[in-house]
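Shown next, in structure tokens, is the structure this report addresses.
The values are calculated or read from the model by the stated rules, or taken from the named source; none is laboratory data. Remember, it's a predicted structure, so these values are computed and weren't measured experimentally. Here the Cβ is made from the backbone with ideal geometry for all residues, glycine too, and neighbour counts use every protein chain on show.
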Amino acid sequence: MTAADADAAEMRSAFLALETAWARSDADAFGRVFSVDADFTSVRADHYRGSAQIAAAHRRLFATVYAGTRLTVTVLRVTHLRPDFSVARVENKVHARKSGAALVLHAQAVLERRPENWLIVAFINMLPVRQ
């Protein structure tokens, strides 16, 4: 396994951590995947700054509109900008509790290798326009 392959696997583990936190409705664990200075833009264009705000926003979501849902994240592409800095294009699917129907979102995530792990430092969630 090359160093780039190992980095890609570590970055993918960040998205797996998001899925796991979502499945447990664990907003604190969800927030820990983001840096303390992260920028997060939701699909509704809400903006949150830092892992604490991101966790608080998801705590509300897990208790309301996303209660009982499941998240799956597919990493579509990783572009390494520097050895410690990468951009990932991902597809997020939020699966409804009963029907299993999925809301499909696209996202751009900027990840930085920090001493503790690869963390998301910027995240923009987008709803694709159907044509």
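Given (1) of a type in the set (Ser, Thr, Tyr); (2) modelled with pLDDT of 95 or more; (3) farther than 17 Å from ALA14 by Cα, where does SER99 come up short, assuming only one miss?
(2)
Does segment 72-79 contain any residue that is out of contact with any Ser or Thr (no Cβ under 7 Å at 6 or more places or on another chain), of a type outside the set (Gly, Ala, Ser) and modelled with pLDDT under 90?
no
Just to be sure before I move on: is VAL129 among the aliphatic types (A, V, I, L, M), more than 22 Å from GLU10 (Cβ to Cβ), in contact (Cβ under 8 Å) with a residue 40 or more places away in the chain and not in a strand (DSSP E or B) in the structure I sent?
No, not satisfied.
So which of SER51, SER99, SER86, SER42 is over 15 Å from ASN125 (Cβ atoms) and touching a residue at least 60 places away in the same chain (Cβ under 8 Å)?
Values: SER51 fails: touching a residue at least 60 places away in the same chain (Cβ under 8 Å); SER99 fails: touching a residue at least 60 places away in the same chain (Cβ under 8 Å); SER42 fails: over 15 Å from ASN125 (Cβ atoms).
Criteria check complete, one pass: SER86.
For (1) in contact with a strand residue (DSSP E or B) (Cβ under 8 Å, 6 or more places away or on another chain); (2) modelled with pLDDT of 95 or more; (3) of a type outside the set (Gly, Ala, Ser), each residue gets a yes or a no:
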| position | (1), (2), (3) |
| --- | --- |
| ASP5 | no, no, yes |
| LEU18 | yes, yes, yes |
| ALA23 | yes, yes, no |
| ASP28 | no, yes, yes |
